[in-house]
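What follows is a short report on a single structure.
We did not get these values from a lab; they are worked out from the coordinates using the rules stated. Everything numeric here is computed off the predicted structure, so don't read it as measured data. For neighbour counting, all protein chains shown are included, and Cβ atoms are generated from backbone atoms with ideal geometry for every residue, glycine included.
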Amino acid sequence: MRAIWKREVQAYFYQPIAYVLIGLFFLISSFYFTFGTVAYGRAELNSLFQNFIFLFIVIIPILTMRTLTEDRKNGTEVLLVTSPASISQIVVGKFLASFTVFLVMFASTLIYLVVLLILGGKPEVPMLIGGYLSFLLIGASFISIGIFASSLTENQIVAALISFAILLMISLLDVITSLTSGVIAKILDAFSLLSRYQDMNSGILDFTSIIYYLSFTAVFLFLTTRVIDKRRWSQG
């Protein structure tokens, strides 16, 4: 698994995609920080984190679109699934590689915290921890969806569109839930990632929400292994 992670991370940074996405994220987030946080004299970063959802919906499908499609297109998927590593190790290794790039994006936001402190801002510690923790957990969940989408096709564009559609649907789930009631509303709310993100970003550190995100990520990674395994057996 470590070898797969290392190879995939190198693949990201040997190509311009990682630098472009990290640069794009930093550019747009800096705009939000300058005109949405500093300009309004806010002493916290949580309003900034709130805007990241819209960035993730666009950036993460592009980040993950080549994760499994590239191997399938080049015919190297067969070599991977017949290697000593299990399918689950392959999927987790690729997930960790995408998450590593995401962590670089995460690290870039620490600059905003330094600037905020220099300017005299005094963010509340629970909100700060909740904001950063929700940042990482929602990112992991979205990446698992992107990797699942990439396992469904050998076309990177199609994989990105599938991932984008799923993430967009998730982002609209709270709106749809507000228009329903009763059992349907409760079922939809059970699948809501954003309501939990908003709660944690507000400093509400609920252990069940952390478990929910980790479980959500694990389920989509499991579904990815099932897709690959099913394809392997169908091909003999």
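Numbers at a glance
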{"quantity": "In degrees, nearest ten, helix 125-150 long axis to first principal axis of the chain (Cα)", "calculated": "30 degrees"}
{"quantity": "Relative exposure of 33, 54, judged by other C-beta atoms within 10 Å (fewest first)", "calculated": "54, 33"}
{"quantity": "Point-charge dipole on Cβ atoms (K/R +1, D/E -1) for the chain, about Cα centre, debye to 20", "calculated": "520 debye"}
{"quantity": "Hypothetical label at residue 51: residues of segment 7-28 whose amide nitrogen lies under 15 Å (7 Å Cα-Cβ projection)", "calculated": "24-28"}
{"quantity": "Under 24 Å, Cα to Cα: Lys pairs in the chain, sequence gap 8 or more or different chains", "calculated": "5"}
{"quantity": "Rounded to whole Hz, the Karplus (6.51, -1.76, 1.60) HN-Hα couplings of segment 31-45, x for glycine and proline", "calculated": "4, 4, 5, 5, 9, x, 10, 5, 4, 9, x, 7, 9, 9, 10"}
{"quantity": "Tilt relative to the chain, helix 2-14 - C-alpha long axis, 0 to 90 degrees, to 10", "calculated": "70 degrees"}
{"quantity": "Residue-wise HN-Hα coupling along segment 101-118, computed from phi with Karplus coefficients 6.51, -1.76, 1.60 (Hz; x: Gly, Pro)", "calculated": "4, 4, 5, 5, 4, 4, 4, 5, 6, 5, 4, 5, 5, 4, 4, 4, 5, 5"}
{"quantity": "For segment 6-24 and segment 107-154, distance of Cα centres in Å", "calculated": "18 Å"}
{"quantity": "Ranked packing of 186-193, 113-120, 145-152, 197-204, most packed first, by mean Cβ within 10 Å", "calculated": "145-152, 197-204, 186-193, 113-120"}
{"quantity": "From phi via Karplus (6.51, -1.76, 1.60), per-residue ³J(HN,Hα) for segment 50-67 in Hz, x at Gly/Pro", "calculated": "4, 6, 5, 3, 5, 5, 4, 4, 8, 6, 5, x, 6, 5, 9, 5, 9, 3"}
{"quantity": "Rough spin-label spacing in nm, given labels placed 7 Å along Cα→Cβ, for residue 226 and residue 24", "calculated": "3.1 nm"}
{"quantity": "Sequence of 1, 169, 65, 127 once ranked by neighbouring C-beta atoms within 10 Å, starting from the fewest", "calculated": "169, 1, 127, 65"}
{"quantity": "Modelled FRET efficiency - R0 35 Å, residue 184 with residue 88, Cβ distances, 0.05 increments", "calculated": "0.55"}
{"quantity": "Residue exposure sequence - 167, 55, 27 - by fewest surrounding Cβ within 10 Å", "calculated": "27, 55, 167"}
{"quantity": "Kirkwood estimate for the chain, i.e. one over the average of 1/r between Cα atoms, Å", "calculated": "18.8 Å"}
{"quantity": "Normalised contact order of the chain, rounded percent, pairs of Cα under 8 Å and 6 or more residues apart", "calculated": "28 percent"}
{"quantity": "Cα long-axis angle, helix 207-234 against the chain (0 to 90 degrees, to the nearest 10)", "calculated": "20 degrees"}
